[in-house]
Structure formats: C-alpha cells, structure tokens
Amino acid sequence: MAAEQPSALPTARTCPYAPRQEHVRLREEQPVSRVTLPTGTQAWAVTRHEDVRALLADPRFSSDRSRPGFPMLEEKRKESASVLPRMLVGMDPPEHGPARRAVLGEFTVKRMNALGPRIQEIVDEHVDAMLAGPRPTDLVRALSLPVPSLVICELLGVPYDDHEFFQSRSASIVSHTAPPEEQRRALVDLAVYLEDLLRAKEARPGDDLLSRQILRRREERGSVDRRALTGLAFLLLSAGHETTANMISLSVLQLSRAPEAREALRRDPGGTPHAVEELLRYFTIAEQAVGRVAAEDVELGGQRIRAGEGVLVLSHTANRDPRAFPDPDAFDAARGARHHLAFGYGAHQCLGQNLARMELRIVIDTLLRRMPGLEPAVPADELPFKDDAVVYGIHEFPVTW
C-alpha cells in the first residue's frame, strides 16, 4: 500500500489553469497511491504520464463500468450507468475491437478534411452573427456551443432543431450537482429520443453516420441491434459537442492571456495545429473521466494493484508532468507535443479527436482573422467555471471586440 491512510481525492479545481495541489503532491511523492473517493470508497490514483500510458495500454485493466470495483466519483453514477446500453468506452476485448472498427472509418483524417469546408461555413455564419449583434455577447451561446453541436448533428444525421433538447439533457448528465432523479430522467429522455431517431432511419436511411451504421450492420448481420446503436449515438452526440464547446471557450480565454502567442498565430496560421495540441494538454478538460478496474493482479509504478481494485487516471496532473513536458505549467503555443493525454491513450483513445482538432483550428484561425480584437468582457476570475461538471469549461463567457 502506498499509504496507511488513503488521501481524500479533491474534485474541484482551485484554479482554472492548474492541477489541484493535492494531485501534484501525489504525482511527486506517491504517483500510484490509494485515495478515498467522494463516495467513500477507495481506489488507486495514477498521476504520472508514464504510468498513465502504461495503464491505458494494459488489457489487464477493464473499462467495464458494471464490473465490481470500477471507480465512481459519485454514487448516482452507478445507477445512471445501468440506464444506458453498453457503450464503446465501457467495452473490453474481444467485444471492443470489432465495435470500434465498425465506426472508426467515419473519423479518419481524410474524412475529417472533407468536412473542413462545411465546418468553415458554420463558423463563418456564427461569426457573421456575432459581428452584426450587440456587444458584449456570450461566446458560449454565440459560437462555442452551436458550432460543434451543428457539426455533430450534421455528421450523425440528428435534426439541429432538437439541439436545445439534447444539450439540456447532456448538461444534466455530466453535472455533479444535478439530483439523481433529474440525471436519470435526462438519460432516459435522451435514450428514448435516439431510439426513435434510429427507428426512423431504419425506415428511411439518409447520408449520415448513423444511417451508414444501420445499413452496414443490416448487410453484415442481417439485423440491427438498435439498443447497441443507441449507445453509440449517445456517446458520439454527447461527447461530440460538450467537450469541443468547452475547449473553444477555454482556448479563446487562454489566447487572450497570451497576446504574443495570439499575434504570432494571427500572422502565421501555420502554427495553429501546434497551439491546439498545447491548449488540449494545458486544460485537459475531462480530467477524471477515465477509470479502470484491475481484472487481475498488476504491478504498476512500483505498486501491486489487486484484481477487483479500481483505478482512476488523473489526466490533467499527468499532462503537467515535468518528466514528459519541460516547464509543464507554462503555456507554450509552439510546443506542439502530441503525446499528451487529453484524448486518452491506447485502445480507447478518443474516436473524434481528428474532428475536435479540426474544429478548434478553424475556430481559432477564423477568430484571429475576422475578430482580432476579441477580448473577455469581464476579468477571468469573475467567469463561472465548470467546477460542477465532469467536463471542465465555462458556463458563460462575455466577450467584446
């Protein structure tokens, strides 16, 4: 055991830009250590970059959330996990590989590049509306949320007119403060909505990801497992707008704090892909979204983790590990280090990472070109940061120009 008395694991960021100090202490003193979760249960916390990569690449650690010992930060998550069908993020081999390969082709670099012109159109339309509207305006409502929402809706074939419905339900699902019954209701509402959508697509397939999945499964298997496809649709729809929306807002905020970097990117957009990687590393917004449970005894970072013990990955802390990133707490827009863990690592690395990168690059380049004077309308310490949600971000972000 790393310590006789496990440390309590804090869950709220005390600073919008830095890891929690207790997590940093664990990384430097006990990088694989026993902690007490907010539920009162114990698990292992892994905080060093090298150990996290080893863990996420090791098939002896299970992603199955129904498995005894899987670490949950909130008691209500246990019940919520039982409402939805099994999703890719909760599958193990041999089930996971074929399920992931069935959809992986939808997110290749080539296919994402083909989406680039349409994403540019969507961004320009929303920037046009901002320039024609009042100042200040809320960047979250004006740009950060609608752009990835529109993109993922078009990709999946989800009617954008329903975006208020699924965005409100998604917000309840990832909230730390939503009551259990509200969260369960949101999960059921979204699952029913997606099942009905898939039923309609089975009758009349379109030119979209979900329709192609229906046709492929019908051809390969003779039938469509609608519940399994509902789980895929839920994962892609929820993850496809919530994470990127938060990264857009945080990226605009951070570049306002780094005027030299912002000006360099405005002069040379060729540097934006490097800046995007650094922004992803710097914020690591889904810090505690990755958990595992040992399927057998495993040695990791000098500690013996026994079968049935839960393990929580502290990705933000690992992405500030000085062994992996020189001067890790500094924001270096030219760093371009793609070995960060913002998209995870190993077999479960984020499916939509190419799409997220493209959306962030197009938004940043467009704002720097068309709204070079864009600035926060209030001091950063007055912004309502999302300390109350699984995915970090900003609830409202007044900006002016």
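The values are calculated or read from the model by the stated rules, or taken from the named source; none is laboratory data. Note that the structure is predicted; figures quoted are calculated from it, not measured. Here Cβ is always computed from backbone atoms with ideal geometry, including for glycine, and neighbour counts include all displayed protein chains. The protein model used for the area step is the full one, side chains on, heavy atoms only, and it has no ligands, DNA or RNA in it. Shrake-Rupley method; radii C 1.70, N 1.55, O 1.52, S 1.80 Å.
Computed quantities for the displayed model
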{"quantity": "Residue that is nearest to Met358 (Cα to Cα), among those in region 149-161 that are open to solvent by 40 Å² or more (accessible area, probe 1.4 Å) and not hydroxyl-bearing (Ser, Thr, Tyr)", "calculated": "Glu154"}
{"quantity": "Inter-residue pairs, beta-carbon under 9 Å, first within 13 Å of Gln254 (Cβ to Cβ) and in region 357-378, second assigned to a loop (DSSP other than H, G, I, E, B) and of a type in the set (Phe, Trp, Tyr), 6+ apart", "calculated": "Leu374/Trp401; Glu375/Trp401; Pro376/Phe397"}
{"quantity": "Residue that is farthest from the chain's Cα centre (by Cα), among those in region 162-214 that are among the polar types (S, T, N, Q) and either under 19 Å from Leu84 (Cβ atoms) or open to solvent by 60 Å² or more (accessible area, probe 1.4 Å) (or both)", "calculated": "Gln213"}
{"quantity": "Meets criteria (in contact with a Phe, Trp or Tyr (Cβ under 8 Å, 6 or more places away or on another chain), more than 13 Å from Leu253 (Cβ to Cβ) and open to solvent by 30 Å² or more (accessible area, probe 1.4 Å)) for Asn319", "calculated": "no"}
{"quantity": "Options Ala132, Ala142, Ala114; residue that is over 14 Å from Leu367 (Cα atoms), modelled with pLDDT of 95 or more and hydrophobic (A, V, I, L, M, F, W, C)", "calculated": "Ala132"}
{"quantity": "Qualifying residue in region 306-325 (condition: of a type in the set (Phe, Trp, Tyr) and assigned to a helix (DSSP H, G or I))", "calculated": "no"}
{"quantity": "Near pairs, Cβ below 8 angstrom, 6+ apart or cross-chain, from region 14-31 (farther than 22 Å from Arg257 by Cα and assigned to a helix (DSSP H, G or I)) to any residue that is open to solvent by 30 Å² or more (accessible area, probe 1.4 Å) and at pLDDT 90 or above", "calculated": "Arg27/Arg48"}
{"quantity": "Residue identified as touching a strand residue (DSSP E or B) at 6+ places or on another chain (Cβ under 8 Å) and buried (at least 18 other Cβ atoms within 10 Å of the Cβ) among Leu232, Leu253, Leu236", "calculated": "Leu253"}
{"quantity": "Unique residue being acidic (Asp, Glu), farther than 25 Å from Ala233 by Cα and touching an Asp or Glu at 6+ places or on another chain (Cβ under 6 Å) when the list is Asp128, Asp138, Asp92, Asp124", "calculated": "Asp138"}
{"quantity": "Members of region 146-187 that are out of contact with any Lys or Arg (no Cβ under 9 Å at 6 or more places or on another chain), β-branched (Val, Ile, Thr), assigned to a helix (DSSP H, G or I) and over 18 Å from Leu73 (Cα atoms)", "calculated": "Val147, Ile152"}
{"quantity": "Verdict on Ala330 being within 19 Å of Gly271 (Cα to Cα) and either without any contact (Cβ under 8 Å) to a residue 40 or more places away in the chain or in a strand (DSSP E or B) (or both)", "calculated": "yes"}
{"quantity": "Per-region count, region 258-283, residues free of Cβ contacts under 8 Å to residues at least 60 places away in the same chain and either open to solvent by less than 20 Å² (accessible area, probe 1.4 Å) or among the β-branched types (Val, Ile, Thr) (or both)", "calculated": "1"}
{"quantity": "Counted residues, region 33-60 - those being among the hydrophobic types (A, V, I, L, M, F, W, C), more than 16 Å from Ala307 (Cβ to Cβ) and not in a helix (DSSP H, G or I)", "calculated": "5"}
{"quantity": "Residue within region 197-207 that is under 30 Å from His395 (Cα atoms), at pLDDT 90 or above and part of a helix (DSSP H, G or I) present", "calculated": "yes"}
